[in-house]
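The values are calculated or read from the model by the stated rules, or taken from the named source; none is laboratory data. This one's a predicted model, so the numbers in the text were calculated from it and none came from an experiment. FYI the Cβ positions are ideal-geometry reconstructions off the backbone, even for glycines, and counts take in every protein chain you see.
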Amino acid sequence: MSRRVPRSRAALVLALSAALTAPLTLTTPASADGQYGVTPLKFTVRAGERTCTVDADLYRPADVDRAHPAPAVLATNGFGGSKDDGSTDAIGKAFARRGYVALVYSGLGFGRSGCLISLDDPGIDGRAASGLVDFLAGSRSADDGTRADYVTLDGTGDPRVGMIGGSYGGAIQLATAAVDHRVDALIPLITWNDLAYSLDPNNAAGATAVPGAFKWQWTNGFYLMGESQPLTQPALDPSRVNSLTCLHFVTRACDTIRTLNSGSYPADRTRQLLSYARSVSPVSYLDRVEAPTLLIQGQADSLFNLNEATATYRTLKARGTETKMIWQSWGHSGGLTDPAAGELNLTQGNLETSYVGRRVLAWFDRYLHRNRDTDTGPDFAYYRDWITDPDHTYATAGHVPALSRRLYLSGDGKLVGNRDEVARGSRTYTNWPIPTSHSESSLAGALGLPDPAPYDTPGTYLAWTSEPLTHAVDVVGAPQATLKVNSPAAERTQRSSDAADKLVLFAKLYDVAPDGTRTLVHRLVAPVRVPDVTRSFTVTLPGIVHRYEQGHRLRFVIAASDDAYFGNRGVKPVTVAASPGGTGVLRLPVVAG
């Protein structure tokens, strides 16, 4: 977490709550009186083994009634928010103004809704949302007797309903669709595929049973928000309290956080950690999702990076679910900055005038209004920050670009394009007992605090740098590196029953300008807990969209640590050797400019 924090815990929680729910800012200009009405509602719903009270607001267009029904949009808040925060409330306003019946609610454990925080568990949060779908179907009433008999139906008890929302309000859509096939369309923004990867990432290919490097800043920030609910929501519903040692989360979530913070991964706790994190993640239930899904993920996002949306996209496509994906500019990282010119920013009311906004409207028009002639756009689109014309910042493709360019790690520290150019040699780095590299202070932007530029301390990393580029190179997707390292200290400790004794390293790509200025693209790194240092391994870096301009150089780095993550246990020197016959390979997804 950032070295500088607000003086009071309450201030921290409020700042985090505001900042981490801010990226989805669906605020539109005020409408004329009578365009829609807003009705506060309460619902008592079954959620797993508990009964929960859900606090909601119903936005009903003035011209919608039983004789003139309309499709519905269901949405809930990001983590730490509620139905009353600007980002969630604005969803109701935005879609009611466009003729949809909108029902927005505070997720379980947030705002004035009851029950514990259960991380969008499909069996709990998904089932609760399904109870709200029953209301939209007209098959149940709110607690005060209010009924909705003006939502378009596809059959008895089956309302025409879509979902939209970001982050925590994104995963709930997939969780709901997995348990309730009446949901007709999903638009999840900046959300996760696998919390085991999100919070404890290991970017080594195939190392799904080996935890990675704990993302302690992001994770503990959210944990603090959840456990500190009495500071932001006085007079909590008694169902919101678990125990003195785990106040507002379900017990397994607290157990997971404690394991991560312990820095120890014995086999039994590792199995429990991975099992629970994946059970509340789309990775475990996407095979039950049938609703057409438009995934929107942020390039500036060290919490849920582009790889997460890509994994969800590929899984849904493989099972035949209609799925498309957009990589927009903004995500969780960077705090409260406004979206770039031309990007979705409904504080300006630009659904119709932004590329992503038009795609959102088209998706609901096709699958909620059933206008089959509506073009929902290409399978894949991505934002390009090097294009200055806001009307042409997005490029489109039929698929995510493949790895198409190979570069080789030479023994003299060069990154070369031909294996024959690899110089024979070896170099060594070592880790210190404290972090010696910095990518980001994950919560600095959320708290409005300064964040030092990324750096690596000499002697604690190795770098390979290309010659100046003779033409611009556009990288779109997740680079991969195949590496072989030598570390006798790690080889001795990796046989321990505690996975935390395995070697940890951090891979990343810099852009080096002609004047020597280095840029770590979106401050993204790939933490790796090496499964076995006696064998080569492949690292999948976070996806990026970046132009390396003519005259710039690519620099690939592996570092011993990163202060946003937990790192090595003990000192483990690492040597990387190279020869023309055997060396590391960096592969890049390069597209035509």
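Here's the yes/no breakdown for (1) assigned by TED's automatic domain parsing to the domain that holds Tyr168; (2) closer than 21 Å to Ala185 by Cβ; (3) not β-branched (Val, Ile, Thr):
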position	(1), (2), (3)
Asp287	yes, yes, yes
Thr293	yes, yes, no
Arg314	yes, yes, yes
Trp327	yes, yes, yes
Trp330	yes, no, yes
Considering residues that are more than 20 Å from Val521 (Cβ to Cβ) and under 25 Å from the mean Cα position of the chain (by Cα), the number found within region 393-417 is 3
Starting from residues that are small (Gly, Ala, Ser) and not in a loop (DSSP other than H, G, I, E, B), keep the ones in region 208-242 and report whichever is farthest from Leu260 (Cα to Cα).
-> Ser239
So, in region 234-256, of the ones that are surrounded by 17 or more Cβ atoms within 10 Å (Cβ to Cβ) and touching a Ser or Thr at 6+ places or on another chain (Cβ under 8 Å), which residue ends up nearest to Ala209 (Cα to Cα)?
-> Ala253
State which residue pairs qualify: first residue outside the structural domain of Leu524 (by TED's automatic domain parsing) and β-branched (Val, Ile, Thr) and inside region 201-220, second residue at pLDDT below 95 and assigned to a loop (DSSP other than H, G, I, E, B) in any location, beta carbons under 8 Å apart, and separation of 6 or more residues or different chains.
-> Val210/Pro531
Kindly indicate the residue of region 257-266 that is within 15 Å of Ala499 (Cβ to Cβ) and free of Cβ contacts under 8 Å to residues at least 24 places away in the same chain and also surrounded by the fewest Cβ atoms within 10 Å (Cβ to Cβ) among those meeting that condition.
-> Ser262
Please list, ordered by first then second residue, the pairs with beta carbon atoms under 7 Å, 6 or more apart or interchain, first in region 267-291 and surrounded by fewer than 20 Cβ atoms within 10 Å (Cβ to Cβ), second outside any helix (DSSP H, G or I) and among the β-branched types (Val, Ile, Thr).
-> Glu290/Thr321
Out of (1) surrounded by fewer than 18 Cβ atoms within 10 Å (Cβ to Cβ); (2) modelled with pLDDT of 85 or more; (3) more than 30 Å from the chain's Cα centre (by Cα); (4) of a type outside the set (Gly, Ala, Ser), the one Asp33 does not meet is (2)
Options Asn350, Asn371, Asn345: the member that is of a type outside the set (A, V, I, L, M), in contact with an Asp or Glu (Cβ under 8 Å, 6 or more places away or on another chain), at pLDDT below 95 and not assigned by TED's automatic domain parsing to the domain that holds Gln550 | Asn345
May I ask you to list the residues in region 380-393 that are farther than 27 Å from Leu586 by Cβ and in contact with a Lys or Arg (Cβ under 8 Å, 6 or more places away or on another chain)?
-> Thr393
Look through region 141-162, keep the residues that are over 25 Å from Arg370 (Cβ atoms) and out of contact with any Phe, Trp or Tyr (no Cβ under 8 Å at 6 or more places or on another chain), and return whichever of them is surrounded by the fewest Cβ atoms within 10 Å (Cβ to Cβ).
-> Gly145
Select from region 476-534 the residues that are modelled with pLDDT of 95 or more, farther than 14 Å from Asn431 by Cβ and basic (Lys, Arg) and list them in ascending order.
-> Lys484, Arg492, Lys508, Arg518, Arg523
What number goes with the only condition from (1) surrounded by fewer than 16 Cβ atoms within 10 Å (Cβ to Cβ); (2) in contact (Cβ under 8 Å) with a residue 24 or more places away in the chain that Met225 does not pass?
-> (1)
